[in-house]
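Working notes, beginning with the structure itself.
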Amino acid sequence: MDAEGFKNVILPLHKKLYAIAYRLLEDSADAEDLVQEAYVKLWDKRNGLELIHNPEAYCITLVRNMCIDQLRSGRYLLMRQTEELALVQDEIVVEDLTCQSDVELIRKIIDTLPLPVKQIVDMRDVKGLSYQEIESLTGLTGGHIRVLLSRARKKIREEYYKRSNYESR
């Protein structure tokens, strides 16, 4: 088969060959690469293509077999798993950045609280001190500390929702 015959018989099959490769490999770049490799193999065998009764079926079978070979290769599986792992790690980084920005926002809100309330929130919620320890450090009663914490947490929550909803618009 000469170049003109190859161009007229084999090249028009590109969409069909690509669709088969894409269905099997589930990746557009890999499918395109595989079809190009198939064209190279077909071009190398162009003299024998004239003996084939159904060149379309031959090309489809060639692409299908190349896909199966690629899917079975350990290197291809390792490459796909590495790509999937990188995608998962990117998602984790984005979630981590979101958490960091939330923490920064909450810290800014805590900084706006009056100093005694800010200190109590810091002692209880950040440092994890018990109510008895806070009582001994501040001289306040346990009931008073609970009331201040409750009001502070409510204020922090309201400010957080107000700012985070504002930022999401």
Checklist entry - Could you say which residue among Arg80, Arg107 is outside any loop (DSSP other than H, G, I, E, B), at pLDDT 65 or above and open to solvent by 90 Å² or more (accessible area, probe 1.4 Å)? => result Arg107
Checklist entry - Of everything in segment 1-53 that's more than 18 Å from Cys67 (Cα to Cα) and charged (D, E, K, R), which residue is least open to solvent (accessible area, probe 1.4 Å)? => result Arg46
Item to check | Selected residue (criterion: most open to solvent (accessible area, probe 1.4 Å)) from residues of segment 160-169 that are free of Cβ contacts under 8 Å to residues at least 24 places away in the same chain and in a helix (DSSP H, G or I) | outcome: Tyr166
Checklist entry - Mind checking which pairs have a first residue in segment 35-60 that is more than 15 Å from Leu17 (Cβ to Cβ) and a second that is among the acidic types (Asp, Glu) and open to solvent by 40 Å² or more (accessible area, probe 1.4 Å), Cβ under 8 Å, 6 or more apart or different chains? => result Arg46/Asp2
Checklist entry - How many residues, within segment 118-159, are open to solvent by 60 Å² or more (accessible area, probe 1.4 Å) and under 37 Å from the mean Cα position of the chain (by Cα)? => result 9
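The values are calculated or read from the model by the stated rules, or taken from the named source; none is laboratory data. Please read all numbers here as calculations on a predicted model, not as lab measurements. Cβ atoms come from the backbone with ideal geometry, glycine included; neighbour counts cover every protein chain shown. Surface accessibility is based on the protein's heavy atoms, side chains included, excluding ligands, DNA and RNA. Shrake-Rupley method; radii C 1.70, N 1.55, O 1.52, S 1.80 Å.
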